[in-house]
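Below: one structure, written as structure tokens.
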């Protein structure tokens, strides 16, 4: 938990420096196009991004959105305490296809806040026997959002 706090704080500092010290009241103008560069940085946008890189690849094994939305320096702290980088998480997804009994795997709740070039998405993934609370940190680069950090906490039902 402390590691994630420090990681999010560090990312916030990087985002402020990268955005030229813009305030949250004056975020960069989004570029239209794909979901990652949609015209408005709304909570719904981040719910969609979370779904595209974290949920859908387990269902379809189509990794195109994952490869685009997940930053090269991405780190995820799993609910079991393990840490994976982008390539390791990609392999983890491809090795664990969802079965029909896993069909309840979905985003149940989601919210997001935007702080200039940094956004924090929080929510709950619903699974068959548990819920997983998540916090994702997104950084806006070259007109599009990329997830740079994720932390998961499993909560039995």
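The values are calculated or read from the model by the stated rules, or taken from the named source; none is laboratory data. As the structure is a prediction and not an experimental result, all values here were calculated from the model. Here Cβ is always computed from backbone atoms with ideal geometry, including for glycine, and neighbour counts include all displayed protein chains.
Side notes on the structure shown:
- Enumeration of residues in region 99-119 that are under 20 Å from residue 156 (Cβ atoms) and in contact (Cβ under 8 Å) with a residue 12 or more places away in the chain: 101, 102, 104, 105, 106, 107, 108, 109
- Taking (1) part of a helix (DSSP H, G or I); (2) modelled with pLDDT of 95 or more; (3) within 17 Å of residue 105 (Cβ to Cβ) in turn, residue 56 satisfies each apart from (2).
- Residue that is surrounded by the fewest Cβ atoms within 10 Å (Cβ to Cβ), among those in region 72-106 that are at pLDDT below 95 and in contact with a helix residue (DSSP H, G or I) (Cβ under 6 Å, 6 or more places away or on another chain): 98
- Within region 56-71, the only residue that satisfies the criterion of being in contact with a strand residue (DSSP E or B) (Cβ under 9 Å, 6 or more places away or on another chain) and either exposed (fewer than 13 other Cβ atoms within 10 Å of the Cβ) or more than 19 Å from residue 151 (Cβ to Cβ) (or both) is 68.
- Region 117-157, residues that are out of contact with any helix residue (DSSP H, G or I) (no Cβ under 8 Å at 6 or more places or on another chain) and outside any strand (DSSP E or B): 129, 142, 157
- Residue 135 meets all of the listed conditions (1) within 17 Å of the chain's Cα centre (by Cα); (2) over 19 Å from residue 42 (Cβ atoms); (3) in contact (Cβ under 8 Å) with a residue 12 or more places away in the chain but one, namely (2).
- Taken over region 77-103, the residue count meeting the criterion of being in contact with a strand residue (DSSP E or B) (Cβ under 6 Å, 6 or more places away or on another chain) and in a loop (DSSP other than H, G, I, E, B) is 2.
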